[in-house]
Amino acid sequence: MVERALELSRNDGCVVLVDEGSTANLRFAGNTLTTNGVARSARLTVISIAGQGVGVVSRAAVRADQLAGVVAAADAAARDAQPAEDAGPLVEGTPASPHWDAPVQPTDIEVFQTFAPALGDAFAAAEAGGRRLYGFAEHSVNSTFLGTSAGLRLRHDQPTGRLELNAKSADLKRSAWTGVSTQDFTDVDVAALGSSLAQRLEWAKNRVDLPAGRYETLLPPSAVADLMIYLYWSAGARDALDGRSVFAKPGGGTRVGEQLATLPVTLSSDPGAAGIACPPFVAAHASSRESSVFDNGLPLGPTDWIKDGRLEALMQTRYSAGLSGLPVTPGIDNLIMTGAEGGRSLEEMIASTRRGLLVTCLWYIREVDPQTLLVTGLTRDGVYLVEHGEVVGEVNNFRFNESPVDLLGRVSEVGASERTLPREWNDYFQRTVMPPLRVPDFNMSTVSQAS
C-alpha cells in the first residue's frame with residue numbers, strides 16, 4: 001500500500017504512513033472476569049507536497065480500490081494549500097528497515113497465557129481476604145510503515161502492555177490502586193501487586209482527617225511520571241520562543257542552559273532504552289508546534305532534556321531549530337528520570353520519614369497557568385500518614401496546586417528509578433522510568449470530598 005500510494009501521487013513530494021494495530025484485553029470486576037476480546041485496526045495517512053503546500057488525508061481501513069481516491073484527495077489539498085511555514089526538504093533515504101516487508105505479527109489473547117491463571121489466583125486470595133479486585137489488562141502491537149518519495153522505507157513494531165488493578169474493601173469504603181507497564185506480561189507479578197494492595201487497605205482501616213496545607217510528601221514513581229509527562233509535553237521550543245510557556249526567557253529566547261533543580265536530576269528520552277524502547281525515527285502524521293511532516297524519518301537518539309538539574313533541550317523540529325539556533329531535538333515516546341546513583345527505594349524513604357504524607361497517585365491534572373506551568377489535580381485511592389517511619393493510617397483526599405518545574409527546585413530527595421505506569425496519562429504515554437521523590441512542602445491546597 002505504501003509503495004502503490006507513492007506511485008500514484010503526482011505532486012512534488014509524498015510521505016505515506018500505514019499503521020497496522022492489534023489489541024487484546026481482559027476486564028474484570030468484583031473478583032470475576034467480565035469481558036475479553038481482540039481487535040484489529042489499520043490507518044493510511046498520505047501527506048502530499050506541492051511546492052510549499054501540504055495536503056494531509058488520513059483514512060481507516062482503506063481498501064485497495066479506494067487508494068487512488070485517497071492519494072488524489074491529498075494531492076488536491078496540497079495544491080490548494082497556503083505555503084507551510086515549516087516547509088523544507090524531505091529527509092533523504094537510507095537503507096530500508098531489514099524487516100520492511102515481513103508480515104505483521106498481531107497480538108492475540110495468548111499474550112495472557114501465564115498472566116491469566118495468576119490473575120485467577122489473585123481473585124481467590126482477594127475473595128478469601130474480604131477484598132474485591134477491579135481493573136483491566138491490555139496488550140497492543142502497532143506496526144508503523146513509513147515511505148517517502150525521497151527514498152525512505154522505515155518500519156517499527158511497538159508492543160505495549162498495561163495493567164490497572166484496583167482493590168476495594170467488601171463495603172466499598174476503602175480503595176487502593178496500582179498499575180504496571182509491560183511489553184508482554186511475562187514480567188507482571190500479580191501476587192505481589194495483590195499483596196501490596198491488601199496492605200494499603202489495612203492501612204486505611206485507621207482514618208486520620210487533616211486540613212489543607214503544605215506537607216512533606218512522598219510521591220511514588222507513578223505520580224512523578226504524571227507530573228514529568230506534563231512538563232515534557234509543555235517543553236516545546238516554539239511556545240518558549242513565543243513567550244507562551246514556563247520555558248520562555250524574560251525578554252526573549254528560551255531558558256535552555258538555566259539550572260532548574262538543586263539536586264542533580266536528569267530527565268531524558270532514549271528510543272533504545274531497555275524495556276521501554278520506542279520508534280527510533282520521527283513519524284509525524286501532521287504538523288504542529290512540536291512536530292513537522294517534513295521531518296518524517298528523521299533519526300532519533302538519546303536526548304537529555306534536563307541534565308544534572310540544568311535545562312538542556314526543548315522539543316525541536318528542524319524548522320524551530322532554525323529559529324532558536326538550538327540543536328534539532330524532536331519528541332521521543334518515552335521518558336526517564338534519574339537522580340544520583342544509590343537512590344533509596346520508596347520503602348526506605350518511608351522508613352526515614354519522621355512525619356509526612358505518602359501519596360498513591362494523582363488524577364484529573366489540569367493546567368492553571370502556562371507561564372509557570374502551575375497545574376491542579378486531585379489525590380486518589382489512598383493518601384497515607386507516615387509517622388516515625390511507619391504508615392499509621394489513611395488521610396482524606398486533597399486538591400493540590402503545584403508546578404512540576406518549581407517542584408524540581410524544591411525536591412529534597414530523589415529515590416531509585418524504576419519502570420512505572422502513569423495513572424492519569426497512560427492512555428497516551430506509558431513508557432516511563434521514574435524515581436520516588438521527597439518534597440518538603442507539597443501544596444495540598446484544599447481538602448477534597450472525593451473518595
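The values are calculated or read from the model by the stated rules, or taken from the named source; none is laboratory data. Computed from a prediction, not measured in an experiment: that's the story for all the values here. We place every Cβ from the backbone using ideal geometry, glycine too, and count neighbours over all the protein chains shown. Note: areas computed on protein heavy atoms with side chains; ligands, DNA, RNA excluded. Shrake-Rupley method; radii C 1.70, N 1.55, O 1.52, S 1.80 Å.
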Calculate what fraction, in whole %, of the accessible area of region 55-126 sits on carbon and sulfur atoms when a 1.4 Å probe is rolled over the protein chains. 57
Straight-line reach only, C-alpha to C-alpha below 26 angstrom: list the lysines that K168 could link to, leaving out same-chain residues fewer than 8 apart. K205
On Cα atoms only, tilt of 190-203 relative to the major axis of the chain in degrees: 50
Mind checking the alpha-carbon convex hull of region 405-451 and giving the volume per residue in Å³? 125
Given the -39500 (n - 2.57) contribution per DSSP H run of 4+ residues, what per-residue ellipticity at 222 nm results for the chain, rounded to the nearest 500 deg cm²/dmol? -5500 deg cm²/dmol
Return, for the Cα atoms of region 27-114, the radius of gyration and Dmax in Å, separated by a comma. 20.2, 60
Sites A42 and H388, calculated FRET efficiency, Cβ-Cβ separation with R0 41 Å, nearest 0.05: 0.10
Does anything in region 347-375 have its amide N under 12 Å from the 7 Å Cα→Cβ label point of A212, and if so which residues? none
For region 181-254, take every pair of Cα atoms, bin their distances at 5 Å starting from 0, and report each bin as a whole percent. 3, 11, 9, 12, 14, 12, 11, 9, 9, 6, 2, 0
Rounded to the nearest 10 Å², what accessible area does K249 have for a 1.4 Å probe in the complete protein model? 90
Please calculate how many Å² of accessible area the chain carries per residue, with a 1.4 Å probe and no DNA, RNA or ligand atoms counted. 42
Find the centroid of the Cα atoms in region 50-108 and in region 197-276, then give the distance between the two in whole Å. 36
For the chain, the dipole about the Cα centre with charges only on Cβ (Lys and Arg +1, Asp and Glu -1), to the nearest 20 debye, works out at 800
Report Rg(Cα)/(2.2 N^0.38 Å) for region 145-273, keeping two decimals. 1.55
Cα long-axis angle, helix 221-233 against the chain (0 to 90 degrees, to the nearest 10): 30
Round to the nearest 10 and give me the degree value, 0 to 90, for the angle of helix 67-80's Cα axis relative to the longest principal axis of the chain. 80
With every protein chain in place, the accessible area of W203 for a 1.4 Å probe, in Å² rounded to the nearest 10, comes to 60
Hey, if we sort Y428, Y364, Y384 by accessible area with the 1.4 Å probe, largest down, what's the order? Y428, Y364, Y384
Over the Cα atoms of region 232-345, what Rg and Dmax result, in angstrom? 14.4, 44
The aspartates and glutamates whose Cα lies under 19 Å from the Cα of K249, excluding any fewer than 8 residues away in the same chain, are D239, E258, E290, E312, D369, D406
Per the rule of 0.36 nm per residue minus the C-alpha distance, extending E127 to R366 adds in nm 82.4 nm
Using the eigenvalues of the Cα gyration tensor, what equivalent ellipsoid semi-axes result for region 295-451 when each is taken as the square root of five times the eigenvalue, whole Å, largest first? 32, 19, 15
With a 1.4 Å probe and all protein chains kept in place, how do D189, D209 rank by accessible area, largest first? D209, D189
Work out how much length R59 to L172 would gain on full extension: take 0.36 nm times their residue separation and subtract the Cα-Cα distance, in nm to one decimal. 36.3 nm
Go through 406-414, 321-329 and give me the packing order, highest mean Cβ count within 10 Å leading. 406-414, 321-329
